[in-house]
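> First, the structure itself, so that you have it in front of you.
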There are 2 protein chains.
Amino acid sequence: MVDVKDISASGRRVPITDEPHDARRLYAIGDLASEFGVSPRAIRFYEDHGLLAPRRIGGNRVYSLRERARLQLILRGKRLGFALADIKELLDLYDVDRDHLEQLRATLSKGRARIAELERQQQEIALTLRELREIGAHIEDTIRRKEARRSSAGRKGAS
Amino acid sequence: MVDVKDISASGRRVPITDEPHDARRLYAIGDLASEFGVSPRAIRFYEDHGLLAPRRIGGNRVYSLRERARLQLILRGKRLGFALADIKELLDLYDVDRDHLEQLRATLSKGRARIAELERQQQEIALTLRELREIGAHIEDTIRRKEARRSSAGRKGAS
DNA sequence: GGAGGACCTTACGTTAACGTCAGATGGTTG
DNA sequence: CAACCATCTGACGTTAACGTAAGGTCCTCC
């Protein structure tokens, strides 16, 4: 019925190609869901909000490698704490409209803002890491002293 | 009525000390709110969830420098995309119970997990930054070409 | 041919993190 | 003393990001 060989027009689990990442490989929603550890519901949710736009074969969603990459970017953005609306903007940066000049300028400016934000985030992470490592060192120190005291002193400072 | 001189037991806007960050300085909720650009409601919310525990003077919340620092940590954590529950754990790392050994070990382990997570986040930010900078360079390039073409060619490629 | 899977849509439920509003208190100021 | 802040405590409203359940379609396999 479908011209794309017999890729799961029904939602079958069988991928169209065996080569793991042929550029023409197609994915069902369940493939991506299990690969990235998210629910199909979440993926559909991203689509509802304009972050993904898979093709359809007989009602079923079919994802190309490009859509897969977009999903990866979405999940990375989430791990960085961005809201979906922000991630959508970020995705728009990735496929630029190379034709119109004003668009390009706008995209560039948004990109720079995003870069600045990420750099600030980077600073704050670095700061937090320094603090945590220092705390960790102190704790290790304290632990070592307690262990030493426990093993050396047999009995003398009761209680 | 209150022994702490006359700090806003009423919620007055007057800080107890002029020295900007005397260790004994006290803050009203409005002070911290306006200083950090968050609402008093948010600050109370953090308290309701155990992230802050200010003293009280006549019903009003009074924040020490330590509480102020904790609030800063909360907000930093938020900017890094952490949930309040996670931030609470992080705060607990900062004031360790130096007495009990098992507690120390647990804290240390939690700290290490948090460090690992931050490092992973750092990697992902670095990756995103590389990508965004590359895209930015391409866009700048495209813009330069378009501008060059526009200024040089007077008329010949109509439409 | 009927049971089982993967997928679909629609719709209501849920959690986190506050916003917003109402009504009350208490100190300060003209 | 009246008006005005800043603050307080509920309590309900809101948004984001899904979870979950219901009911239906379309293969495939025994």
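Read-outs throughout are calculated quantities, based only on the coordinates presented, and are distinct from any laboratory measurement. Remember, predicted model here, so these are calculated numbers, not experimental data. Quick reminder, even Gly has a Cβ in these numbers, built from the backbone with ideal geometry, and neighbours come from all protein chains shown.
> What are the nm distances, shortest first, from B:E47 to its equivalents in the other copies, labels at 7 Å along Cα→Cβ?
4.8
> A further question follows. Quick check on my link table: of A:K146/B:K78; A:K78/B:K88; A:K88/B:K78; A:K78/B:K146; A:K110/B:K110, which ones sit more than 32 Å apart, alpha carbon to alpha carbon?
Checking Cα-Cα distances, A:K146/B:K78; A:K78/B:K146; A:K110/B:K110 exceed 32 Å.
> Using a label position 7 Å from Cα in the Cα→Cβ direction, what is the ascending list of nm distances from B:Q72 to the same site in the other copies?
Relative to the other copies, B:Q72 has label-point distances of 3.9 nm.
> Please give, to one decimal in nm, the separation of the simple spin-label points placed at A:D141 and B:D99, each 7 Å out from Cα toward the Cβ.
So the label points at A:D141 and B:D99 sit 2.2 nm apart.
> Nm distances between the label at B:R145 and the same-position labels in the remaining copies, 7 Å along Cα→Cβ, shortest first?
Here the equivalent label points are 6.6 nm apart from this one.
> Average partner chain C-beta neighbours within 10 Å, per residue of A:131-144?
Average neighbour count from other chains, rounded to a whole number: 4.
> On a full-extension model of 0.36 nm per residue, what is the gain between B:Q123 and B:D48, subtracting their alpha-carbon distance, rounded to one decimal in nm?
My answer for the length gained is 23.6 nm.
> May I pose another question? Given a Förster distance of 30 angstrom, what is the FRET efficiency for B:R56 paired with B:K110, based on the Cβ-Cβ distance and rounded to 0.05?
Working: r = 30 Å, r/R0 = 1.01.
It comes to 0.50.
> A further question on this structure: If we count other beta carbons within 10 Å of each Cβ, what is the order of B:V62, B:V38, fewest first?
The fewest-first ordering by Cβ neighbours comes to B:V38, B:V62.
> Please report B:I29, A:I115 as a ranked list, fewest other C-beta atoms within 10 angstrom at the top and most at the bottom.
A:I115, B:I29
> Further question on the same structure: Would you tell me which residue of chain A has the beta carbon closest to the rotation axis bringing chain A onto chain B, and how many whole Å away it is?
Spelled out as residue then distance in Å, it is A:G81, 1.
> Further question: Using only the Cα atoms of the range A:82-124, what semi-axes does the equivalent ellipsoid have when each is the square root of 5 times a gyration tensor eigenvalue? Give whole Å, largest first.
They are 22, 12, 6 Å, listed from largest to smallest.
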